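Note sheet for the following structure.
The values are calculated or read from the model by the stated rules, or taken from the named source; none is laboratory data. Computed from a predicted structure; not experimentally measured. No Cβ is skipped: glycine too gets one built from the backbone with ideal geometry, and neighbour counts run over all protein chains shown. These area figures cover heavy atoms from the full protein model, side chains too; ligands, DNA and RNA do not enter into them. Shrake-Rupley method; radii C 1.70, N 1.55, O 1.52, S 1.80 Å.
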Amino acid sequence: MKAYWYCLSGIFFREWLRFWQQRTRLLSALVRPLLWLIVFAAGFRAALGIAIIAPYDTYITYETYIVPGLACMILLFNGMQSSLSMVYDREMGSMRILLTSPQPRSFLLICKLLASACISIVQVYIFLAITWFYGVQPPLLGLLVALPALLMVALMLGAIGLLLSNGIRQLENFAGVMNFVIFPLFFLSSALYPLWKMQEASLWLYWLCVLNPFSHGVELVRYALYLQFNPVALMVCAATTAICLCAAVLTFSPKRTSLRTAPSK
Amino acid sequence: MNALQVSDVSFSYGARAVLHGLNFTCPRGRVTALLGPNAAGKTTLISLLTCLYPLQQGQIKVSGHDLTRAPRSALRELGVVFQQSTLDLDLTVEQNLRYHAALHGFSPADAKQRINAELERQQLSERRHDKVRLLNGGHRRRVEIARALLHNPRLLLLDEASVGLDPASRQALQTHLRSLCQERDIAVLSTTHILDEIGPEDHVLILNKGLLVANGSIAAIQDQYQQQSLPQIFEQLTQKAPL
């Protein structure tokens, strides 16, 4: 058991070192949601009135509404990016060293997902600290209660990313993933607008939002931040994580070079 | 016991067969040079030996452990240096080695001891806190070899490890590999297409179009083909000019 622990801590330590040495990554991860919060929310505040909806017990500003969604946006971009970077790592980099370790491959993949998830969560808390000073102040205890919810959502998105990366042969396809996965997941969710608003606009778009696991991730975090529990959201996130993780581990191939075509040499 | 035993191994990419019934062993205490022109199947063979490709046919045993039935035991006995560097350039030499030690399940104290010993052996102790990015090609290779030996493997695999090195670094690497075989009684399997790198006491395998066309000591191969030099034999067997 100790060997597993040392392995897990080694993978965490390496991810942390890489994160620490690429601080511009942190900056870019924070700029995106902060722009949404400060610029986008200011513009849409007047257009989008928010009624009293759970888990809020009073009228809230639009900024307050979108903070949980923007926190999940950080998890979404990081989760996809770190999982898809494995496409590159498998052929070129350190992933080969990871995969020639004597520990079980499934364990190694889960360790890598967990480590990436924790790095993402650090970024989310830095974002939440900034939003606190901006005036969006959920209960202090909510910040602590949100931790397991954030971990759940980060793992779910990492597992989806890992599953996607199994089907992607080149890192250049990340642009395609942005257009066909990240943006639809984000915009077809409750991150920027409550689903009842979407229901008023279009019923079929509403149902797409309801079926989107990212919506449930956002709601899980939103409820947790305001000290409430959303069992449906938790079940959807847990089930999505389990299914995607199992499928990703089962379909994982250490080399992305297709076995149907020869490698370069 | 042989450090590596490859029995009847074949591999294909779909309908295209790239390895045909390979049989060979790598004895401990010696360097085995795996020669072959481009597209001979060397990298595919390395991918099979490191579990990056699943074995389709045949059997591979590393220090007696079957790679299919007991991959974890087999991988414990295997150290690998890939053709392209797999070091993390933004981490220091020591951080790279600590990561590898952790992947093998060593405690921090054990890892520290092993890293100290290996860096000392590779004469890299003074560079331990340098980022890998600051090292030259020869030193990076030595760090990779130190890393590959950290867990005391019985078999060291090198996939074209001398590519990109200047002649002096290449010579130093070859000398170092031979002293490793003597000191630690390990087997080294080194793929290359540079014939100058082969020493007179090395075991030689020549792979051409997925077929093992020569297998033995240089003297034995020369006896068999009645030729004067290894480059001529290589040319005859691969129908290409020696590189």
- Note on the structure: Within the range A:190-206, the residues that are of a type in the set (A, V, I, L, M), at pLDDT below 85 and exposed (fewer than 14 other Cβ atoms within 10 Å of the Cβ) are A:A201
- Note on the structure: By residue number, the members of the range B:57-115 that are more than 12 Å from chain A (Cβ to nearest Cβ), under 16 Å from B:L4 (Cα atoms) and assigned to a strand (DSSP E or B) are B:G58, B:Q59, B:I60, B:K61, B:D66
- Hey, among B:L45, B:L67, B:L35, B:L55, which residue is hydrophobic (A, V, I, L, M, F, W, C), in contact with a His (Cβ under 8 Å, 6 or more places away or on another chain) and within 23 Å of B:R154 (Cα to Cα)? B:L35
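Name the single residue that is farthest from A:A115 (Cα to Cα) among those in the range A:13-28 being within 9 Å of another protein chain (Cβ to nearest Cβ) and either part of a helix (DSSP H, G or I) or hydrophobic (A, V, I, L, M, F, W, C) (or both). Don't jump to the end; show me each part of the working.
At the first step, the residues of the range A:13-28 found to be within 9 Å of another protein chain (Cβ to nearest Cβ) are A:13-14, A:17-18, A:21-22.
In the following step, the residues that additionally are either part of a helix (DSSP H, G or I) or hydrophobic (A, V, I, L, M, F, W, C) (or both) were identified as A:13-14, A:17-18, A:21.
Values: A:F13: 8, A:R14: 9, A:L17: 11, A:R18: 11, A:Q21: 16 Å.
By that ranking, first place goes to A:Q21.
Of the residues A:P148, A:P104, A:P139, which single one is within 14 Å of another protein chain (Cβ to nearest Cβ), open to solvent by 10 Å² or more (accessible area, probe 1.4 Å) and not aliphatic (A, V, I, L, M)?
On inspection, the qualifying residue turns out to be A:P104.
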- Answer yes or no: is there a residue in the range B:134-146 that is at the interface with chain A (Cβ under 10 Å from one of its Cβ atoms) and basic (K, R). no
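Please pick out the residue among B:D88, B:D8 that is over 15 Å from the mean Cα position of the chain (by Cα) and crowded, with 17+ Cβ neighbours inside 10 Å. Walk me through it before giving the result.
Working: B:D8 fails: crowded, with 17+ Cβ neighbours inside 10 Å.
Going through B:D88, B:D8 in turn, just one is over 15 Å from the mean Cα position of the chain (by Cα) and crowded, with 17+ Cβ neighbours inside 10 Å: B:D88.
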- Query: Can we say B:S125 is touching a residue at least 24 places away in the same chain (Cβ under 8 Å) and more than 8 Å from every other protein chain (Cβ to nearest Cβ)?
  - Reply: no
- Query: Has the range B:183-190 got any residue that is under 18 Å from B:N38 (Cβ atoms) and in contact with a strand residue (DSSP E or B) (Cβ under 9 Å, 6 or more places away or on another chain)?
  - Reply: yes
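Only one residue in B:R30, B:R98, B:R114 is within 16 Å of the chain's Cα centre (by Cα), crowded, with 17+ Cβ neighbours inside 10 Å and modelled with pLDDT of 90 or more. Which one?
B:R30
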- Task: Please tell me if B:T50 is at pLDDT below 95, assigned by TED's automatic domain parsing to the domain that holds B:E183 and either open to solvent by less than 10 Å² (accessible area, probe 1.4 Å) or closer than 24 Å to B:T238 by Cβ (or both).
- Result: yes
- Restricting attention to the range B:128-142, which residues are open to solvent by less than 70 Å² (accessible area, probe 1.4 Å) and in a helix (DSSP H, G or I)? B:V132, B:G137, B:G138, B:H139, B:R140, B:R141, B:R142
- Of all residues in the range B:117-127 being charged (D, E, K, R) and either open to solvent by less than 60 Å² (accessible area, probe 1.4 Å) or touching a helix residue (DSSP H, G or I) at 6+ places or on another chain (Cβ under 7 Å) (or both), which is modelled with the highest pLDDT? B:R127
- Within the range B:20-38, is there a residue that is touching a Pro at 6+ places or on another chain (Cβ under 8 Å) and within 28 Å of B:S179 (Cβ to Cβ)? no
